[in-house]
Amino acid sequence: MLSRSEYRRSALKDRKDGIVETHSHLKYPFRLNFYDKPPIEDITIEEFETCALDRLRVLAEIESSYARNRTFKELTEVMEPICKKYLPLNSNTAETVNRDAERRKDHVGHFVLRLAFCRSEDLRRRFVKAETTLFRLRYASDDTAEREAFLSSRNFDWVLATPEEIQELIPSTSGEAPGRYYKVKWTRVPDLVEKRRVVLKGGMAYVPASEQASIVLQEFQSHLEKDLEMTAKALPRLDEDTRIVPILDNLSKGFLAGVSSEWNNASAAAGDALTADMIDEMAYKHFPACMRNLHMCLRRDKHLKHFGRLQYGLFLKVLGLSIDEALVFWRKAFSKIQDDKFNKEYRYNIRHSYGLEGKRANYAAKSCQQILMSDQPGPGDSHGCPYRHFSADNLQSALLTMYGEHGLTSADMPEIMATVKAGHYHVACTRVFEITHARQGVKKGEGVGGGESVTHPNQYAARSRELEKKAEGKDGDGDVMMQGA
Amino acid sequence: MLAFYRRLYPFKSIFTWLNHEHAPTKLFTHREFAFTLQGDVYLRYNSFLNAEELKKQVCSLNPTRFEIGPVYSARPRDKKTVRPAAFSPQLRELVFDIDMTDYDSIRTCCSGADICERCWQFIAAAVRVLDRALRDQFGYKHLLWVYSGRRGIHLWISDKEALELTDEQRRALVGWLTVIQGGKEMHKKVNVRMGSKSLPPSLASAYKMLEPVFHDLIIADQECFASEEGWEALLHLIPDKDIVDNLREKWEASPGRSSEDKWQDLEDEVAKKSSKGKSNYFQATMTAAKEDIVLQYTYPRLDAEVSKHRNHLLKAPFCVHPKTGRVCVPVDPRTIDRFKPARVPTVTQLLSELDSVAPTENGAGAEHHSDWERTSLKPYVEMLDKHVMGLLEETRKMKQKADLSW
């Protein structure tokens, strides 16, 4: 799965840098990785995919954090449980853990995603940003001694400034000795230059030791950028069998919509039996914008077109509406249609979606990714994702109509519209969730629990119902607080 | 205009300046030129193989002005035939634009499009500070300052490292140099300190250069605090409420006090208050405030957008400003104080100079392409040529080094 040039380059690098000194038996001596060398052993297709998917979950969360303007500190807090869940990476002191396996997963995942994200300028840019942030998180949490060892294992091409140089450039205000300064070309640390955190002289930047991380990160970033471009050039020449390309396609789509969580019927059991006449109230209280919109259209037009029925029907099914109740619901809803026609044209359809007709497949409800990416709504259709498929004006007024009574005000709109404009539809939806559930104690950045973004309409509704239940139960129990999972 | 392009415009010098050597390279052939024709017709993505071709096209289009863009990865004239992905800006001089309009809120002599020798001093101060910073801190050597023909000045930096800067690096560099921030509604536009610390070293040295300018230009010449609006702006920048109230009372009682006196009043107030045994903290705050005031009134105000992107077009040197008729001539930063915008030759003046000397030699019909030697354009073209020599020398050295490394 590697391009030959990439392999040769890394082999070359090996010879140049000399063998990395290892002081343990580990194949990956460090927790941090600059990903110079691609993995060269055999990888099963399953591993190929799972490594990538797990890493993608982490990166997608980083990306949505950016869209929500989280500070680095907030980001660290949000990411910790997510990293632990999907991409655990322990330091060398964790003797009991299979560190090589963790690091191998990290390594493989990174390179698979490189293949998936090297294809367009935009994907490359986003991937580099997310990966660099992930590296930064790990760098910050790394053990000091191990970090030092890691840094000395690579040549960063920096020079320690001599005391005389420091004396000349940094007039010491107090008696204290100035710390260490690293000397690099200023173009390597543009972010520090922009903020005037360095001293410049003749095109060289003198970087205080406290900002050393910035050089490392910049190096990581430019290194990755260069490699991605190489990969992009090599990709068309990759003599690849047909197993991998679909996986890669899928992965790069995942970045747009957030990774779909496997939302299945199991969670539907959480709700008590749902009946057709409960849907109105339910929709008002718990549904995400896409489903609110479908519900409103259904009530207004007494009808929904095919994809609308499909999207809404499957959603209701997973929500816990039984087949009998579903038939009642749709029959009542299509009030302008004669019994005869309903039975002929729609009953089969509804039973089919419950797996009772035709090939009897148990269809899952559509995830955000599917709603965003497939079956684009045509004129007259009301399915799809409002954040993506509504015009900006319509979206604003629709949101205010739907959620005005839940605490959404026009003051919240600029923020939401900005995320929509940037293409982060699931982030906008998550933000709306946070605002409309603020009364139940949901804070900004908490998302649908544990900082997760909305990736599935049912997840949205389930969390909303869960919050309501907790709020009801609170009076009795006293201290049931929602602190995210 | 046509005669100006045919007989006076130094195409050869401009070519070599962009190309860095005599034989045409990508630096010239992949370079975008944009023409503005009469009636505001704008033609982008032109490119030429050599100086002659450029001259021929300029003479046939006779544009009111033309602009120079970046070096692209393919010839700009082929833009429509190459894949969009294969057409992106690669190299570009680092350029700066300082425009007098950004100083409108503080200059008192003129406003809008006007400029006089007095307000030129704002530009002069900006040029000195920038020139110094770019040479000392960033290590650039090949800086060409060009008068924009009316009320501003452009800077072109042709060092190899400068050409190669990415947009991100350009943005960082502009961030480093930008001090004045915030729009009309923001009183205090200088926020450069981290915490309560002293000025960063780079700005401390700029401050040293600007302090005398502040006294001569802002206080003595421009009288920036003479009007009520002017002194109110000053009072907004003082962080101590007692002092502000005292001063306002005093100045409202005698509005005729000169800016000199008012500045002295401020210094007196500060001295009075610190002698009352106020803490070091108070003194540090007031020193900082004073430094910030000096910077706010005199530090270069850059048009940042021009410098941040490689694909920004900028008017070529030696073009004629359509409104004033003045030629955009190079300026020597060492004598910038004495530069007089009004003395810059205009196109009409140059052509009449040419008419008066033309019939002497060569006889009829012979149009020499260095006719500029016989007009007052001469010193300016020579200035550019001298600048170009430096670039040629640099290229020669680099080639030599490359040869040796074999």
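Among the residues here, residue A:106 does not qualify as touching a residue at least 12 places away in the same chain (Cβ under 8 Å) and either of a type in the set (Ser, Thr, Tyr) or surrounded by fewer than 20 Cβ atoms within 10 Å (Cβ to Cβ) (or both). Considering A:154, A:119, A:125, the condition of being among the basic types (Lys, Arg), part of a loop (DSSP other than H, G, I, E, B) and within 14 Å of chain B (Cβ to nearest Cβ) is satisfied by A:119 alone. Restricting A:63, A:49, A:21, A:41 to those that are at negative phi, outside any helix (DSSP H, G or I), at pLDDT 50 or above and assigned by TED's automatic domain parsing to the domain that holds residue A:93 reduces the list to A:41. Among the residues in the range A:230-244, are any more than 14 Å from chain B (Cβ to nearest Cβ), more than 30 Å from residue B:202 (Cα to Cα), within 24 Å of the chain's Cα centre (by Cα) and surrounded by fewer than 20 Cβ atoms within 10 Å (Cβ to Cβ)? Yes, some residue in the range A:230-244 is more than 14 Å from chain B (Cβ to nearest Cβ), more than 30 Å from residue B:202 (Cα to Cα), within 24 Å of the chain's Cα centre (by Cα) and surrounded by fewer than 20 Cβ atoms within 10 Å (Cβ to Cβ). Determine, yes or no, whether residue B:66 is over 21 Å from residue B:169 (Cα atoms) and of a type in the set (A, V, I, L, M, F, W, C). Considered against the rule, which asks whether it is over 21 Å from residue B:169 (Cα atoms) and of a type in the set (A, V, I, L, M, F, W, C), residue B:66 comes out as yes. None of A:422, A:438 is on the phi < 0 side of the Ramachandran plot, modelled with pLDDT of 85 or more, over 19 Å from the mean Cα position of the chain (by Cα) and among the small types (Gly, Ala, Ser) except A:438. From the list A:129, A:85, the one residue that fits, being surrounded by fewer than 19 Cβ atoms within 10 Å (Cβ to Cβ) and closer than 24 Å to residue A:224 by Cβ, is A:129.
When the range A:195-211 is filtered for residues that are at the interface with chain B (Cβ under 8 Å from one of its Cβ atoms), modelled with pLDDT of 90 or more and crowded, with 19+ Cβ neighbours inside 10 Å, the ones remaining, listed by number, are A:200, A:201, A:204.
The set of residues in the range A:62-81 that are out of contact with any Gly (no Cβ under 7 Å at 6 or more places or on another chain) and surrounded by 18 or more Cβ atoms within 10 Å (Cβ to Cβ) comprises A:62, A:63, A:65, A:67, A:75, A:79.
Quick one: count up the residues across the range A:407-422 that are touching a residue at least 40 places away in the same chain (Cβ under 8 Å) and surrounded by 16 or more Cβ atoms within 10 Å (Cβ to Cβ). Can you show your working first?
Restricting attention to the range A:407-422, the residues satisfying the condition of being touching a residue at least 40 places away in the same chain (Cβ under 8 Å) are A:419, A:422.
Subsequent filtering for residues that are surrounded by 16 or more Cβ atoms within 10 Å (Cβ to Cβ) retains A:419.
Of the residues in the range A:407-422, 1 are touching a residue at least 40 places away in the same chain (Cβ under 8 Å) and surrounded by 16 or more Cβ atoms within 10 Å (Cβ to Cβ).
In the range B:127-171, how many are farther than 19 Å from residue B:383 by Cβ, in a loop (DSSP other than H, G, I, E, B) and more than 14 Å from every other protein chain (Cβ to nearest Cβ)? Total meeting the criteria: 2. If we scan the range B:10-31, do we find a residue that is small (Gly, Ala, Ser) and within 27 Å of residue B:170 (Cα to Cα)? Checked the range B:10-31: at least one residue is small (Gly, Ala, Ser) and within 27 Å of residue B:170 (Cα to Cα). With respect to residue A:294, is the statement that it is on the phi < 0 side of the Ramachandran plot and surrounded by 22 or more Cβ atoms within 10 Å (Cβ to Cβ) true? When the stated conditions are applied, residue A:294 passes them.
Checking each residue in the range A:355-394 for being part of a helix (DSSP H, G or I) and more than 20 Å from residue A:461 (Cβ to Cβ) picks out A:373, A:392, A:393, A:394.
Among the candidates A:170, A:166, the residue that is within 14 Å of chain B (Cβ to nearest Cβ) and in contact with a Phe, Trp or Tyr (Cβ under 7 Å, 6 or more places away or on another chain) is uniquely A:166.
Taken over the range B:21-51, the criterion of being part of a loop (DSSP other than H, G, I, E, B) and surrounded by 20 or more Cβ atoms within 10 Å (Cβ to Cβ) is satisfied by B:30, B:47, B:48.
Scanning the range B:65-76 for residues that are in contact with a Ser or Thr (Cβ under 6 Å, 6 or more places away or on another chain) and buried (at least 17 other Cβ atoms within 10 Å of the Cβ) returns B:65, B:75, B:76. Restrict the check to the range A:179-191 and report whether at least one residue is surrounded by 20 or more Cβ atoms within 10 Å (Cβ to Cβ), assigned to a loop (DSSP other than H, G, I, E, B), modelled with pLDDT under 85 and away from chain B (no Cβ under 12 Å). No; the residues of the range A:179-191 include none that is surrounded by 20 or more Cβ atoms within 10 Å (Cβ to Cβ), assigned to a loop (DSSP other than H, G, I, E, B), modelled with pLDDT under 85 and away from chain B (no Cβ under 12 Å).
The values are calculated or read from the model by the stated rules, or taken from the named source; none is laboratory data. Every value quoted in this text rests on a predicted model; they were computed, and no experiment measured them. In this analysis, Cβ positions are derived from the backbone assuming ideal geometry, glycine residues included, and neighbour counts consider all displayed protein chains.
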